[in-house]
Amino acid sequence: MDEQQQGQVTPEPMQAPAAAVVELLGRDGRATLVQRVTRWPVRIGRSPACDIVLDDAHLAAEHAELHLAADGGVRLRLLQSRNGGHVGKRRLAAGDEAALPAGGAFQLAGCALRLRTTADTLAPEQLLIVDKTRHWALVPLLLLALLFFQWVDRWSAVDPDARWVDYAPSLLAPLAFVLAWAGLWSLASQLFRHRFPFTTHLRRALVVLVVLQLLDWVLPAIAYAFSWPRLMVLGSLAAPVGAAVLIAWHSRLVWPGARRILNGGIAVLLLLGLGLQVGSRQEQQYVFGPPYLASLPPPALRLAAPQPPQALIESLKPLKAELARQARKDNEGAVDDEAGGGE
């Protein structure tokens, strides 16, 4: 035994099993194939004569063998093969032998395998959460609400005598986007969770989009009605916050075990995006929200008491010094340019 092998920690061997199965593990650690052990020793390979048959071109016809050891554990012995295997970090070649550690994980060529026995502690049974709420009518209603909002926005932007074809891009483009968005998240769920919850992803996307559209309508109306211009800050924050919430909501279906890590990463990206927005708008009067209402609702919605013209004049006085400073700066720049051109 060389010095390198002496420095390695010998894994604790498994106990002799009364009943066992060999599992083929996928990349996500889930068992993709389970074969019961009916006798010992257990021969693994591609040959139909083996006890555990695996369809992998990188395995030999008879690649390895599991057998009960004298100490009551289970040992893995490599047969004649070119690609060998691993037990933990130890590399095994043809003829090598090693005890399986607790948990029974080992690898043959590119196949990750696990010997699971009755001696292993099973994870507790998980409660099956069945969604008993009927959502069959919610998705069509949300789709109609989304199309209605898009139609009204388009109607307010085109001429009264516009053709119906002019409305098609505004209606079909959001519909195609939300369907493709839900489809991509459903494919991710199929890849990692082995199910395709298209309706659930579609419903979540529609809920967030409809809420954002409602805020886009309601916030300007309330700000105008009560003369609360800074309420528009919520409208500026709604889009990035809504996008972050939607991505986190989708991620709960795809990677439920990594919820905290994903939520933390999404929160960091959201704060970074808001910080960049603040940095790009330092010279503007308001960091978030529009500086003024570009479009005004009907006067009938105005609930705040009217202000006299003198109040507007007084509110503009603080801008006088800033405008004068900017004017002097522009004049000095123009003089410098003329002097440079004269030379």
Exception for residue 218 within (1) surrounded by fewer than 16 Cβ atoms within 10 Å (Cβ to Cβ); (2) within 22 Å of the chain's Cα centre (by Cα); (3) part of a helix (DSSP H, G or I) falls at (2)
Check your understanding: Residues in segment 138-145: is at least one modelled with pLDDT under 90, touching a helix residue (DSSP H, G or I) at 6+ places or on another chain (Cβ under 7 Å) and open to solvent by less than 80 Å² (accessible area, probe 1.4 Å)?
Key -> yes
Note on segment 79-97: residues touching a residue at least 24 places away in the same chain (Cβ under 8 Å) and in contact with a strand residue (DSSP E or B) (Cβ under 7 Å, 6 or more places away or on another chain) are 79, 84, 85, 87, 88, 90
Note on residue 187: of the conditions (1) of a type outside the set (Phe, Trp, Tyr); (2) farther than 17 Å from residue 251 by Cβ; (3) surrounded by fewer than 15 Cβ atoms within 10 Å (Cβ to Cβ), unmet is (2)
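Does residue 253 fit the bill of being aliphatic (A, V, I, L, M), part of a helix (DSSP H, G or I) and surrounded by fewer than 16 Cβ atoms within 10 Å (Cβ to Cβ)? Steps first, answer last, please.
Working: aliphatic (A, V, I, L, M): yes; part of a helix (DSSP H, G or I): yes; surrounded by fewer than 16 Cβ atoms within 10 Å (Cβ to Cβ): no.
Answer is no for this residue.
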Only unsatisfied item for residue 223, checking (1) out of contact with any Leu (no Cβ under 9 Å at 6 or more places or on another chain); (2) crowded, with 17+ Cβ neighbours inside 10 Å; (3) among the small types (Gly, Ala, Ser), is (1)
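A quick yes/no check of all residues on (1) closer than 30 Å to residue 255 by Cβ; (2) open to solvent by less than 30 Å² (accessible area, probe 1.4 Å); (3) not acidic (Asp, Glu):
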| residue | (1), (2), (3) |
| --- | --- |
| 30 | yes, no, yes |
| 41 | no, no, yes |
| 54 | yes, yes, yes |
| 62 | no, no, no |
| 66 | no, yes, yes |
| 71 | no, no, no |
| 114 | yes, no, yes |
Margin query: Taking the conditions exactly as written (part of a helix (DSSP H, G or I), over 30 Å from residue 302 (Cα atoms), modelled with pLDDT under 90 and of a type outside the set (Val, Ile, Thr)), does residue 171 satisfy them or not?
Written below: yes
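The values are calculated or read from the model by the stated rules, or taken from the named source; none is laboratory data. This structure is a prediction, so every number in the text was calculated from the model and none was measured. No Cβ is skipped: glycine too gets one built from the backbone with ideal geometry, and neighbour counts run over all protein chains shown. We work out accessible area using only protein heavy atoms, side chains counted, and drop any ligands, DNA or RNA first. Shrake-Rupley method; radii C 1.70, N 1.55, O 1.52, S 1.80 Å.
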